[in-house]
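Structure record follows, encoded as structure tokens.
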Amino acid sequence: MVVGAQNLTPALSAVDHLLLGVSDRDRGIAWVEQRTGVRAAIGGSHPGVGTCNALLSLGARHYLEIIAPDPAQAAYNFHIDVRQLAEPRLITWAAATNDIEAVAKAARDAGYQLFGPRAGSRQTPTGKLLRWRTLGVFNKLGAGGVEPVPFFIEWAPDSRHPSEDAPAGCELQSVHFQHPNFSSLAAALKGLGIEGKISQSGAVRLTATLKTAKGPVELG
């Protein structure tokens, strides 16, 4: 992923992973399995963030992260509050990069305010430590608990990408954005090197279509 309007990457290609927010991880796993026929695997906890996850591969270098409050952690510090969600929904997404410092420099040069890059990690159920770095982009385009502007993620060279060992059977087919101010969202994404399919809507939504053994499934 290269920041800059002259090097636009389709959002579908840019996706590292989609985040499906749920108020309870087990309920989220069951909800996804009912629709796709694939049962997501427990990933682990995010220490200090207050969340835990389960993962499902969406094909090469793409995956779905079911993210929920971690009952083992007293404090909840994730920037999107999924604790009161009545139904699972896509809340944001991560764009892949193999040079997060270059992304950060280009974004700052383009006038974006950022947080990060910052290091993250979690231990898998098998005891392996996954490590990554993320870069967030301050913006005012999110609403209703949905953030359509992605954060960027760079996986450590010694960390296996989750799409490689998460349960398979689904494939990411398309990503679509809905926004009350679609031109502003389009401009924000283009400034980050991403070209998104965006339509006018009264609410902010992120939707994705998956190819599954049960037929096409839309997550939103």
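Every number in this text was worked out from the coordinates using simple rules, so none of it is lab data. On a predicted model such as this, the values are computed, not experimentally measured, just so you know. Reconstructed Cβ throughout: ideal geometry from the backbone, glycine too, with neighbour counts over all protein chains shown.
Brief remarks on what is shown
- Diagonalising the gyration tensor over the Cα atoms of the chain and scaling each eigenvalue by 5 before taking the square root yields semi-axes of 25, 20, 17 Å, largest first.
- Mean separation of Cα contacts under 8 Å (6+ apart) over length of segment 1-139, as relative contact order %: 27 percent
- Reported value for segment 132-220: 120 Å³ per residue, from the convex hull of its C-alpha atoms.
- Peptides 100-112, 177-189 ordered by packing proxy, namely the average of other Cβ atoms within 10 Å per residue, highest first: 177-189, 100-112.
- Shown in residue order for segment 140-149 are the 3J(HN,Hα) couplings computed by the Karplus curve 6.51 cos²θ - 1.76 cosθ + 1.60 at θ = phi - 60°: 10, 9, x, 6, x, x, 10, 10, x, 7 Hz (x for Gly and Pro).
- The protection proxy used here, the mean number of other Cβ atoms lying within 10 Å of each residue, ranks peptides 126-136, 205-215 as follows, highest first: 205-215, 126-136.
- Entries of Lys105/Lys140; Lys140/Lys214; Lys190/Lys211 with Cα pairs more than 31 Å apart: Lys140/Lys214
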